[in-house]
Amino acid sequence: MSEVSTPAFGLARTAVLAAATAALVVVLLALLTITTAGRGGAALPAPGHVGAASPAEGSTVDLAPIVEAWPSTYTTTGTKSEPLYVEHITSTRDGDVFALHIEVIAQGDSALGTQLSAVRVATDGRIEWLAGCSKSGAACADDPELRGFLSAATVRSALDRGALPATATARTLHGTAVVCIADSALHPAAPPATIDLQPCFSRSTGAMLGHYSDASGSFVGATLAVGFVDAPQSDPDLIGEFSS
């Protein structure tokens, strides 16, 4: 029996074709959205913050690719609270110069004093103090024991001298991805620290943000409180007098 074409059959076939076309459009739009997000859209996590692609907490990561990708400038601002006072901390980098400003505010907003420190990493990897050094002249000319918020200069020095530790530990500080380096690995020629704290550096900028203790399984010591700002630009007001 031959097939008979009717108006009803033609309308049904048209409806099926229209539905298939609409489904194809939806699929293409979904693929376009995914591609756009991968090129910088909001669907991907911001650099330096924990996302699906971040290494697992406490995992070991290769350090050199991370350090080599850091920008040559940064400014980090934040606070560190103590029972009777609060430290307002700004650390910045401009190329081979690293500077730190700490303002101490007591209860009742009374100023207790300020500290300004700065170092430069020479082309041969030596760390030279530019301001704030209270050590001997020899130590200020080449300080292998540089620790605290200026220890980002030590990482830069280690990279320049070919002495960068091979690995670090991936951790998260207040939602920001960091890499923590063992003190003994970062300062192999220096006397060991009294307390073995691992300095932890922003994965996106290289700024030192805090210290992690394996013994307590937490961030302790010189560590910025929640709410700090970690930006990839230097602070001209703080770094200007030291930049060449």
Q | Set S5, S59: member being of a type in the set (G, A, S), closer than 22 Å to H211 by Cα and either over 15 Å from the mean Cα position of the chain (by Cα) or at pLDDT 65 or above (or both) | A | S59
Q. Within the group V179, V155, which residue is in a strand (DSSP E or B) and in the same structural domain as T75 (by TED's automatic domain parsing)?
A. V179
Q. How many residues, within the range 131-158, are closer than 17 Å to T73 by Cβ and surrounded by fewer than 18 Cβ atoms within 10 Å (Cβ to Cβ)?
A. 0
Q: Could you please give the count of residues in the range 201-244 that are assigned to a loop (DSSP other than H, G, I, E, B), of a type outside the set (S, T, Y) and surrounded by 22 or more Cβ atoms within 10 Å (Cβ to Cβ)?
A: 4
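The values are calculated or read from the model by the stated rules, or taken from the named source; none is laboratory data. Every value quoted in this text rests on a predicted model; they were computed, and no experiment measured them. All Cβ positions, glycine included, derive from the backbone under ideal geometry; neighbour counts span all protein chains shown.
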